[in-house]
Structures are given as C-alpha cells and as structure tokens.
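J.: Please see the structure below; I have some questions.
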Amino acid sequence: MTKDMTRGNPGKILFLFALPILFGNIFQQLYSMVDSIVVGNFVGSDALAAVGGSYAITFAITGIAFGLSNGASILIGQYFGAGRKREVRHSIVTCVAFSIALSLVLAAVSILATPALLRLLNTPQSLMSMSKQYIYIYFLGLVFTFTYNILSSVFRALGDSKTPLLFLIISSITNIVLDLWFVISFGWGVAGVAIATVISQAISSVLALFALQKRLASIAAADEEKLDAEPLRRQFSPALLKQMIKLAIPTTAQEIAISAGMMIMQALVNGFGPVIMAAYTAAMKIESLAMMPMVNISTAVTGYTAQNIGAGKVGRVKTGYRYSLLISLGFAVLMAGVVVLFGGPLCSIFVSGEGAEAVISAGANYLLYSAASYFLMALLFPAEGVMKGAGDVNLFMVFALSGIASKTIAALALSPILGYTGIWIAVVIGWLAECIGTTVRYLTGRWKDKAIVRPASAEEVAAQ
C-alpha cells in the first residue's frame with residue numbers, strides 16, 4: 001500500500017502516518033532496552049555499563065545508514081509526490097544496492113577500529129573484554145541494520161508506515177525471546193544479547209526485502225512489460241545515487257558529529273566510574289523512549305513535506321507544520337511528567353543487586369534535567385522535518401552541529417566544576433542551541449526554494 005499525502009486533511013494524515021512510525025520505533029527501542037534490562041539483571045551492572053559504553057561506537061556507524069536513508073527518502077518522496085514513477089523505481093533499487101555494499105565495507109573497517117575506539121572512550125579495563133565482544137558481534141550483522149533502515153525509509157517515502165511496523169513487531173518479539181534464552185538458559189552474557197539482536201534484525205530486513213519486491217511490482221502495475229524488460233542492474237542509476245549522496249552528506253555529517261559528541265560525553269561519563277556509566281546507560285534508554293514521539297513527528301513531517309514539495313503544494317506543508325507542532329507539544333508535556341514522577345522506578349528496571357541504589361539515584365537525577373529538553377524537542381523536530389523534506393539539508397546540518405558543539409563544550413566546561421551533573425545540564429544547553437537556529441530558519445520560509453524535483457507534466461505521466 002502507498003499513500004498520497006498531497007490530498008486530504010493534513011492533521012489527520014500526519015497523525016495517522018506518525019502513529020505506526022511511533023509504535024515501530026517503540027518496538028525498535030525494545031531491542032536496546034531489553035538488551036540492557038536482561039544484561040543488567042542477569043549478568044550484572046558491569047555488563048550493563050559495557051553494553052551502554054559501546055553505544056557511542058555502534059551509533060556512529062548506524063548513523064551513516066540513517067544519513068543515507070534520509071537522502072533516499074527525500075528523493076523518493078519528492079519523485080512520488082511529483083508522479084514520476086520510473087524515477088521512484090530506479091531510486092529504490094539504487095539506494096538498496098548501494099547501502100548493502102556500503103554496510104559490508106563499514107563492518108570490516110569498524111571491527112578493525114573497535115579496540116582503538118574503546119581506548120579513546122576511556123573505557124575501564126575491567127569492561128574492555130565485554131565491550132569488544134558485544135561490538136564485534138553487532139558489526140557482523142551490520143548489513144541487516146543498514147538494509148532494514150533503508151527499506152523502512154523507502155516505505156515511508158511512499159506513504160506507508162504500517163509495513164515497517166509489522167516487521168518490527170515480529171523481530172522485537174524474536175529479540176525478547178532470544179535474549180532470555182541465550183542469556184538465562186545458555187549463559188552467553190553480552191554475547192548472547194548481541195547475537196539475539198543480529199538475528200532479529202536479519203529477520204526484519206529479509207521480510208522487508210520480500211515486501212519491497214511486491215511493492216515495486218505494484219508501483220509499475222500500469223507499466224509491467226517495460227518493467228519486466230528492464231533488469232534490476234539497469235535500474236541502478238549513478239546519477240540518482242549522486243543526488244542521494246548529495247542529500248545524505250549533511251545528515252550523515254550530522255550523525256557522525258553526534259557520534260563524536262556522544263563519544264566525548266561517554267568518555268566524560270566513563271571518568272566517573274562504572275556506577276555513573278550504568279546510570280547514564282539506563283537513563284539514556286528511558287530518554288530515548290521518552291523523546292521518541294517527537295522524533296517520529298519529525299520523520300512523519302519529512303515524508304509529508306517531501307511529497308507535497310514534489311507536488312508543488314507549499315501551503316499544505318505549512319498547515320502540516322502547525323498540526324505537528326501541536327501534537328509534539330502534547331507529547332512533550334506527557335513524557336516530561338512521566339520521567340519526573342517515575343524516573344527512579346523506571347531506572348530500577350535496568351539494574352538490581354549490589355550498587356543498584358546508587359545507579360538508580362544518579363539515573364533519576366539525569367532524567368530531571370532531561371525533562372526540560374522535551375519542550376525544546378517539541379519545537380525543534382517539526383521544523384526539522386520540514387527542512388529535511390524540502391531538501392534544505394545544508395543549514396539543517398549547520399544547526400544540528402551547533403547544538404552538538406554547544407553540548408560538548410558545555411560538558412567539558414561544567415563537568416570539572418559540577419561533576420556528572422554538569423554533563424546533564426550540558427545536554428539541555430545543546431538542545432536549546434539547535435532549537436533556536438532551526439525554528440528561525442523555518443520562520444524565514446527560505447526552505448521553500450530547495451525543492452529537487454518538479455511535478456511531472458501530463459505528458460510525462462502518460463509516458464510512464
């Protein structure tokens with residue numbers, strides 16, 4: 001099923017489009033949350049710290065997948081909104097083939113670089129072995145992570161947010177079952193958690209590939225003879241790949257910068273010892289889940305904007321932005337209330353036994369500061385979604401980098417004075433800096449001039 005988001009009530013379309021994305025990302029968060037819960041409760045707080053300390057490294061590499069999928073979704077969404085079906089098909093084939101090849105290269109490089117990166121992060125020697133074990137296994141399955149991310153973006157660019165949700169539900173249930181089996185029954189520790197994650201991601205990516213084959217056929221239903229006569233290798237387009245990479249570079253650069261900032265933050269946290277490392281890991285898992293509704297609004301707005309910009313309907317984009325802003329603010333109030341009132345009990349889910357009380361206390365303290373950020377995210381993410389969907393990715397990158405730089409500088413300056421609380425405050429400062437720049441850019445309206453694709457003429461539609 002594809003969805004034309006250039007017609008109908010913008011508020012209803014955005015809400016219904018965002019809901020499956022939200023549920024899907026909640027299930028995706030279950031991957032890492034269940035990993036942490038199982039490890040923290042059945043292996044120990046050191047194992048939880050080891051898995052959490054690995055996140056900055058794995059995020060750095062998967063961030064490249066996110067950047068590529070963002071570039072592909074903008075291009076595919078604008079072509080779909082413009083009614084240019086041939087370019088839609090060729091863009092899909094091109095981005096999938098390239099992402100698979102790129103993931104294999106990155107996996108090999110990342111495995112070789114892991115020991116040096118862990119040392120750079122100031123990882124305690126007592127955690128080094130477990131951290132390496134987890135990361136090595138994770139990167140062996142990197143091709144599945146890349147494939148699923150890119151395919152999810154393709155489906156969303158076509159207006160379908162339900163298909164990725166279905167596959168995530170299946171793989172998340174698989175991950176939970178395998179986590180418990182491998183860790184509790186087999187005693188495999190952090191290796192068992194990593195293996196469970198890889199198997200689950202493999203299932204979701206294979207299912208998505210099969211679904212994509214059917215979707216390509218349905219898109220070309222009116223042009224079956226031409227599609228059958230055109231082998232997949234001829235649908236790979238270097239010209240379209242160049243466009244995607246051009247769109248992906250700013251987002252990828254942003255993700256790499258986020259990763260660098262995360263590594264600095266993680267190194268600072270690591271300096272306070274395993275207890276604060278475990279607290280930071282638990283609190284970050286909760287924060288990731290709490291901010292998910294606002295992030296998903298941005299994802300929905302990106303797809304919605306791309307289609308409407310491709311169709312030349314700028315007015316609908318502005319209306320959609322206003323609706324998304326209201327929805328985001330509602331979620332911010334709800335999530336802030338939850339983490340402020342229940343931060344301690346939520347952190348207690350991740351750890352038990354000796355030292356748990358100190359971990360829970362520090363984690364709950366982080367969440368008190370984190371709650372203030374949710375209102376900044378509610379303002380930021382709708383404007384960010386419009387900028388990305390319109391193709392205004394260069395300035396979007398600049399504002400994102402300003403937020404990362406502000407957070408990192410503040411953390412370096414405040415942590416020697418205030419201890420780990422200085423790191424918590426720095427996170428809020430970073431969100432504030434990014435929010436100001438992105439919101440001002442949206443209000444100028446200059447993003448309207450960044451469209452990549454023009455609407456198809458009647459003659460072009462008939463020729464497809």
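The values are calculated or read from the model by the stated rules, or taken from the named source; none is laboratory data. If you're wondering where the values come from, they're calculated on a predicted model, not measured in any experiment. Neighbour counts run over all protein chains shown; Cβ positions are idealised from the backbone, glycine included.
J.: Could you list, in sequence order, the residues of the stretch 294-309 that are among the β-branched types (Val, Ile, Thr) and within 18 Å of the chain's Cα centre (by Cα)?
T.: Result: Val295, Ile297, Thr299, Val301, Thr302.
J.: Go through the stretch 116-169 and report how many residues are among the hydroxyl-bearing types (Ser, Thr, Tyr) and touching a Leu at 6+ places or on another chain (Cβ under 8 Å).
T.: Residues meeting the conditions: 3.
J.: If you don't mind, another one. Out of Val198, Val190, report the one residue that is at pLDDT 90 or above and not small (Gly, Ala, Ser).
T.: Going through Val198, Val190 in turn, the sole match is Val198.
Residue-by-condition table, conditions (1) over 23 Å from Ala97 (Cα atoms); (2) surrounded by fewer than 16 Cβ atoms within 10 Å (Cβ to Cβ); (3) at pLDDT 90 or above:
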position: Phe167; (1), (2), (3): no, no, no
position: Trp181; (1), (2), (3): yes, yes, yes
position: Ile203; (1), (2), (3): no, no, yes
position: Lys226; (1), (2), (3): no, yes, no
position: Ala229; (1), (2), (3): no, yes, no
position: Gln235; (1), (2), (3): no, no, no
position: Pro238; (1), (2), (3): no, yes, no
position: Gln243; (1), (2), (3): no, no, no
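J.: Let me ask another. Determine which member of the set Ala306, Ala267, Ala260, Ala278 is assigned to a helix (DSSP H, G or I), more than 20 Å from Leu118 (Cβ to Cβ) and of a type in the set (Gly, Ala, Ser).
T.: Ala306
J.: Take residues that are at pLDDT 85 or above, closer than 27 Å to Leu341 by Cα and out of contact with any strand residue (DSSP E or B) (no Cβ under 6 Å at 6 or more places or on another chain) and tell me which of the helices (runs of 4 or more DSSP H) falling wholly in the stretch 366-464 contain 2 or more.
T.: Answer list for the stretch 366-464: 393-418, 420-444.
Results for (1) at pLDDT 85 or above; (2) not small (Gly, Ala, Ser), shown as yes or no for each residue.
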residue	(1), (2)
Ala282	yes, no
Met291	yes, yes
Thr299	no, yes
Gly303	no, no
Ala306	no, no
Gly310	no, no
Thr319	yes, yes
Val338	yes, yes
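J.: List the residue pairs whose Cβ atoms are under 8 Å apart, where the first residue sits in the stretch 324-348 and is under 30 Å from Gly40 (Cβ atoms) and touching a residue at least 12 places away in the same chain (Cβ under 8 Å), the second is of a type in the set (A, V, I, L, M) and not in a helix (DSSP H, G or I), and the two are 6 or more positions apart or on different chains.
T.: Met335/Met291
J.: With respect to Ile135, is the statement that it is in contact with a Ser or Thr (Cβ under 9 Å, 6 or more places away or on another chain), in a helix (DSSP H, G or I), more than 30 Å from Thr6 (Cα to Cα) and among the β-branched types (Val, Ile, Thr) true?
T.: yes
J.: Could you list all residues from the stretch 100-122 that are over 24 Å from Gly271 (Cα atoms) and free of Cβ contacts under 8 Å to residues at least 24 places away in the same chain?
T.: Within the stretch 100-122, Ala101, Val105, Ala108, Val109, Leu112 meet the criteria.
J.: Out of (1) touching a residue at least 60 places away in the same chain (Cβ under 8 Å); (2) surrounded by fewer than 20 Cβ atoms within 10 Å (Cβ to Cβ); (3) among the aromatic types (Phe, Trp, Tyr), what's the single condition that is false for Tyr134?
T.: Against the list (1) touching a residue at least 60 places away in the same chain (Cβ under 8 Å); (2) surrounded by fewer than 20 Cβ atoms within 10 Å (Cβ to Cβ); (3) among the aromatic types (Phe, Trp, Tyr), Tyr134 comes up short only on (2).
J.: Specify the residue that is surrounded by the fewest Cβ atoms within 10 Å (Cβ to Cβ); the eligible residues are those in the stretch 377-419 that are of a type in the set (D, E, K, R) and under 30 Å from Ala82 (Cα atoms).
T.: Asp392
J.: Hey, does the stretch 181-189 have a residue that's in contact with a Gly (Cβ under 8 Å, 6 or more places away or on another chain) and closer than 30 Å to Phe17 by Cα?
T.: no
J.: Going through the stretch 55-86 one residue at a time, which ones are surrounded by 24 or more Cβ atoms within 10 Å (Cβ to Cβ) and either closer than 15 Å to Ala239 by Cβ or more than 17 Å from the chain's Cα centre (by Cα) (or both)?
T.: Gly71, Ala72, Leu75, Ile76, Gly77, Gln78, Tyr79, Phe80, Gly81, Ala82
J.: Could you please find all residues in the stretch 389-419 being among the β-branched types (Val, Ile, Thr) and farther than 30 Å from Gly312 by Cα?
T.: Ile404, Thr408, Ile409, Ile417
J.: Can you name every residue in the stretch 125-159 that is among the β-branched types (Val, Ile, Thr) and under 15 Å from the mean Cα position of the chain (by Cα)?
T.: Result: Thr145, Thr147, Ile150, Val154.
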